[in-house]
Amino acid sequence: MKKFHINELEIYEAEAPFTRQNKIIIDAKNVENPPFSLGMGIYRQGENAQMHVHENEVEVMIFTKGKGQIKLEDGTIIDLEPGLVLYFPPGEPHQIFNTGEGNLEFLFIYSPAGPEAGIREWKVVSK
């Protein structure tokens, strides 16, 4: 058994122009050979990610706080709110925007684990 507390995890921050923060909760750095990884996205007011795709991984997002939108490659826009769960199969491009007044927060799961390794290369802004 492993135990983690979200408030004790490092916060990683992406560089501008797509500044946003992530926490990695479960990955190969802290669990031996996990079949998935789990993290937390924190987009402050006005922040967004670039359009991106995970070619080899499923991504599940569980929105827990705030308001936002996700844009798909075909231009479809989906409103984000607490309680919404999104499933992205491998190869489906998407882009997240915080359109609310506070933080947009969500949990993300990658299966298999892997993309979170790139997040660990971002600048650590808090421990």
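The values are calculated or read from the model by the stated rules, or taken from the named source; none is laboratory data. Note that the structure is predicted; figures quoted are calculated from it, not measured. Every residue, glycine as well, gets a Cβ built from its backbone with ideal geometry; the counts of neighbours run over all protein chains shown.
The number of residues in the stretch 1-24 that are more than 18 Å from N98 (Cα to Cα), outside any loop (DSSP other than H, G, I, E, B) and out of contact with any Ser or Thr (no Cβ under 8 Å at 6 or more places or on another chain) comes to 3. Restricting the stretch 28-52 to residues that are out of contact with any Asp or Glu (no Cβ under 9 Å at 6 or more places or on another chain) and aliphatic (A, V, I, L, M), the residue that is surrounded by the most Cβ atoms within 10 Å (Cβ to Cβ) is A49.
Considering each residue of the stretch 53-75 in turn, at least one proves to be surrounded by 16 or more Cβ atoms within 10 Å (Cβ to Cβ), in contact with a Leu (Cβ under 8 Å, 6 or more places away or on another chain) and outside any strand (DSSP E or B). Report yes if some residue within the stretch 80-90 is of a type in the set (F, W, Y) and within 14 Å of G41 (Cα to Cα); otherwise report no. Checked against the condition, which is being of a type in the set (F, W, Y) and within 14 Å of G41 (Cα to Cα), the stretch 80-90 yields no hits at all. Within the stretch 91-109, does at least one residue satisfy the condition of being among the hydrophobic types (A, V, I, L, M, F, W, C), more than 12 Å from the chain's Cα centre (by Cα) and modelled with pLDDT of 95 or more? No.
Count of the stretch 22-55 residues, restricted to those that are among the polar types (S, T, N, Q), closer than 14 Å to A117 by Cα and in contact (Cβ under 8 Å) with a residue 24 or more places away in the chain, is 3.
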